[in-house]
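Each value in this text was obtained by applying a stated rule to the coordinates, not by laboratory testing. A quick note: this is a predicted structure, and the numbers were derived from the prediction, not measured. For neighbour counting, all protein chains shown are included, and Cβ atoms are generated from backbone atoms with ideal geometry for every residue, glycine included.
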Amino acid sequence: MKKYCGAFIKNEREIGLLREANRIVANILDAAAEVIKPGATTRMIEEMAMDMCSDYKVNPAFLGYCGYPYATCCSVNEQVVHGFPNDRKLEEGDIVSFDMGVAREGFVGDAARTFAVGRPDEETARLMRITEESLYVGIEKAVAGNDVYDIGEAIQKYVEGAGFNVVRQFVGHGVGAKMHEKPAVPNFRPAGKGLTLQNGMVIAIEPMVTAGGYDVEILPDKWTAVTKDGKKAAHYEHSVAITPRGPKILSVSDRGLNRATWRNLTV
Ligand code: MF3
Ligand code: CO
């Protein structure tokens, strides 16, 4: 694989393999949406995801990654990312940010969505909608010749314009044979110049948005990131290829994208 400033440039075959890994991830996200309801547990989502991995004959990419002990991240309410699945019964009004990765034929798929348990209150529904829309606003900037920081700038403007905040402590990333490759893809504009996007790069764009302040802290389990002020957070992630025909979303399930937020993007 060719490299540009440390970022791998994928050919069409490699992008095809990434698309297939990501299709499986997206199908698992769709299945999670069916499981998540009052009375269900995040443990049930973990078990379902593991079962689907064996059905598809793929490996869960998170399990064992830097010692992470589960196949999925299930982050509830004020948990931002990297929440552990557990046996607590989900209640009406909770939200679950579900993040999943698989490895198939040497390539990793990575995507996430936030799901409501029952009917969310109005502010929570708006938090989820703005976060998902901000992902698509960022994807529109995933074009060769743009600075990778243009993505974060667009996400940050959209999110702050709606009165929410973007998390600084975690960022998106290049994705390919490894789950985390260059470049880092922040959801805000850092100082200075970032890497110039090139065709053939594949990046995971993943805005994490808080209803309150953007500060997060890590629980004693060493993984679960929660908002410092205890306000809710949402997280949406797509793996996206940068191509001469524009950004191509790879994490598309057999059911297709949510057209309400898809706008004019192609897959
Ligand atoms: N989607 C997350 C990321 O891109 C998931 C990583 S969880 C881990 O960083 F446990 F695998 F680290
Ligand atoms: Co990711």
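Values for this structure:
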item: Full-extension gain in nm, Glu160 to Glu47, via 0.36 nm per residue minus C-alpha separation; result: 37.1 nm
item: Whole-Å distance, taken between Cα centres, linking the stretch 209-260 and the stretch 17-39; result: 14 Å
item: Partners for Lys141 among lysines (Cα-Cα distance below 26 Å; same-chain residues under 8 apart left out); result: Lys2, Lys3, Lys10, Lys157, Lys178, Lys182, Lys193, Lys248
item: Ordering of 95-102, 202-209 by packing [mean C-beta count within 10 Å, highest first]; result: 202-209, 95-102
item: Per-residue ³J(HN,Hα) for the stretch 69-76, Karplus 6.51 cos²θ - 1.76 cosθ + 1.60, θ = phi - 60°, Hz, x for Gly and Pro; result: x, 9, 7, 10, 10, 10, 10, 9
item: Peptide ranges 236-245, 218-227 listed from the most packed, as the mean C-beta count within 10 angstrom indicates; result: 236-245, 218-227
item: Val216 long-range amide H proximity, modeled H, under 5 Å; result: Lys228
item: Label-zone membership for the stretch 1-38, site Glu105, 7 angstrom Cα→C-beta point, backbone N under 11 Å; result: 13-21
item: Charge sum, other residues only, whose C-beta stays under 10 Å from Thr210's C-beta, Lys/Arg counted +1 and Asp/Glu -1; result: 0
item: Net length gained if the chain between Arg13 and Ile218 were fully extended (0.36 nm per residue, minus Cα distance); result: 69.9 nm
item: Distance histogram in 5 Å bins (all Cα pairs of the chain, percent per bin); result: 1, 7, 14, 19, 20, 18, 13, 6, 2, 0
item: Neighbour net charge for Lys37 - beta-carbon separation under 13 angstrom, K R +1, D E -1; result: -2
item: Additional length obtainable on full extension of the chain from Ala125 to Lys3, 0.36 nm per residue less Cα span; result: 39.8 nm
item: Net charge over other residues, Cβ less than 15 angstrom from the Cβ of Arg245 (K, R count +1; D, E count -1); result: +1
item: The stretch 92-138 and the stretch 182-203: distance between their alpha carbon centers, rounded to Å; result: 22 Å
item: Amide proton proximity set for Phe115, modelled H, under 5 Å, gap of 5+; result: Val96, Ser97, Phe98
item: Net charge dipole size for the stretch 2-249 [Lys, Arg +1 and Asp, Glu -1 on Cβ; Debye, nearest 20]; result: 840 debye
item: Listed residue (Ile24, Cys66, Thr42) projecting farthest to the positive dipole end of the stretch 10-93, Cβ model; result: Cys66
item: Sites Asn199 and Ala33, calculated FRET efficiency, Cβ-Cβ separation with R0 30 Å, nearest 0.05; result: 0.35
item: Listed peptides 108-116, 39-47 by packing density, highest first (mean Cβ within 10 Å); result: 108-116, 39-47
item: Relative counts (whole %) of C-alpha pair distances in the stretch 29-103, using bins that are 5 Å wide; result: 3, 17, 29, 27, 14, 7, 2
item: Cα gyration tensor shape for the stretch 80-214, rounded if a/c is under 1.5, else prolate or oblate; result: oblate
